[in-house]
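Each value in this text was obtained by applying a stated rule to the coordinates, not by laboratory testing. All values derive from a computational prediction rather than experimental measurement. Virtual Cβ from ideal backbone geometry, glycine too; neighbours counted across all protein chains shown.
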Amino acid sequence: MHSRILAIVRKETREVLRDPIYLGLAIAVPVVVMTLLGLGFVLDVKNLPVAFYDQDRSSLSREYIYSFTNSEYFHLVGLVNDPAQLDHMIRSAEVRAVVVIPPDFSRKLSAGKPATVQILVDGSFATRALVVTGYVAAIDAQFNAQLAADYLARRGVVATTLLPVSVEGRVWYNPSLETKNSIVPGLLVINLMFYPSLLAALVVVREKERGTIFNLYCSPVRRWEVIVGKAVPYIGVALADYFLLFALSMVVFQVRFVGNFFVLTLAALLYICCCVGLGLVISVLCRTQVAAILITFVGLMTPSMLFSGMLTPIASMDRSAQMISRVIPASYFMGMARGVFLKGLGFYYYIPDFLTLCAFAFVVYGIAIIAFRKKVG
């Protein structure tokens, strides 16, 4: 029994090593994709181009403008003198926001009256527009607080006597609020889902197209031995990919990692087994490599991107989307990877997820064995 499995393992290993295309898919492509997406998939909104239409032109309005340009979130493009320029600058994407200061801005504030400032935001990218409005609200609140403090100071009143409560925030697990700390571990999960599954999805169907599958049909090797023997090399290749991608995360992207590497590796190994098993199920059921590739992309890659919690928390999804996420192994490993990377959570915290992935692996390999048996029968 062991000799038959080892023979299949050696055969599949030679297939991978001898074919530069498969070897490139197995090693080079995940690294390249991880690098490109890690560098380009940045959700941090900084250095936003902004213009000001200052109709007041007072020292107070200049101070208000300075409160924007003094932050890392906005980049001053210029001051607008003609209101007709506002629409053109936003349409041409020269700026993403325009701040319109009314002519009675300083007069109202000096009189103790509220002044209204207009903010025109480019809403073509909704997420960015929401972030911009949040930045504006924060800067405006800081400016108002400073005005209140100056007003009280001129009257000899300590601000804390009227405003005794202050909020001092602390961000846990990602103090710098850099999106790379959550995006890069997510890309690690998606890469380990797609490429191992894709390679495994071509294993059996490739032999069907070549006609060499009949050698297995006629041999005394058992069905489960075929599935196990074909899975082991690709699990090994995917595990090597995992080490490369983890090193890339730490060295190139310098992602925050405070957890246990052994726990993450154990979770990755179990997750890889599930992904390779899914690929084998697709390979057994398909008749052509093209069909296997399409099913892998549509059936595995797309749901993993949308329902694993990479971009949107699962808790924020509707009920149907949450149900879909429960049958996707990427959603379990996504939480584990980010928890180990950023929170340093240990093995015992993820025992339910480990058990779920074990059950998932048992099911998919069982389906692969049964489906392969039907083909032989």
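Data for the structure
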read-out	value
Computed over segment 35-159, Kirkwood Rh from alpha-carbon pairs, angstrom	15.8
Antiparallel DSSP beta bridges within the chain, percent to nearest 5	30
Local electrostatic count at L202 - Lys and Arg +1, Asp and Glu -1, tallied over other residues with Cβ under 13 Å	0
Per residue Cα convex hull volume in Å³ - calculated over segment 318-376	98
Per-residue Cβ neighbour rank within 10 angstrom, fewest leading, I21, I272, I213	I21, I213, I272
Signed unit charges on C-beta, dipole axis of the chain, positive-most listed residue I5, G112, H88	I5
Residues C218, C274 arranged by fewest to most Cβ contacts within 10 Å	C218, C274
Footprinting exposure proxy for R170, R210 (fewest neighbouring C-beta atoms within 10 Å first)	R170, R210
Rounded FRET efficiency, nearest 0.05, which uses the C-beta distance separating L244 from H75 and R0 of 51 Å	0.90
Rg/Rh ratio calculated on Cα atoms of segment 284-355 (Kirkwood radius)	1.07
Ordering of 251-263, 193-205 by packing [mean C-beta count within 10 Å, highest first]	193-205, 251-263
Under 16 Å between alpha carbons - lysine pairs in the chain that sit 8 or more apart or on different chains	7
Debye log10 I(q)/I(0) at q = 0.12, 0.23, 0.25 Å⁻¹ for segment 1-90, Cα point scatterers	-0.63, -1.11, -1.18
Cβ-based charge dipole, the chain, positive-most Cα from V132, G236, Y66	G236
Packing rank of 317-325, 336-344, 87-95, where each peptide gets the mean count of other beta carbons within 10 Å, highest leading	336-344, 87-95, 317-325
Cβ charges +1 (Lys, Arg) and -1 (Asp, Glu), total dipole of segment 1-103, debye	860
Counted charge near P49, where neighbours are those whose Cβ lies closer than 15 Å (Asp, Glu -1; Lys, Arg +1)	+1
Efficiency of FRET between L130 and T265 - r from beta-carbon atoms, R0 30 angstrom, step 0.05	0.20
Test item: Cα-centred dipole of segment 48-162, Lys/Arg +1 and Asp/Glu -1 on Cβ, debye	340
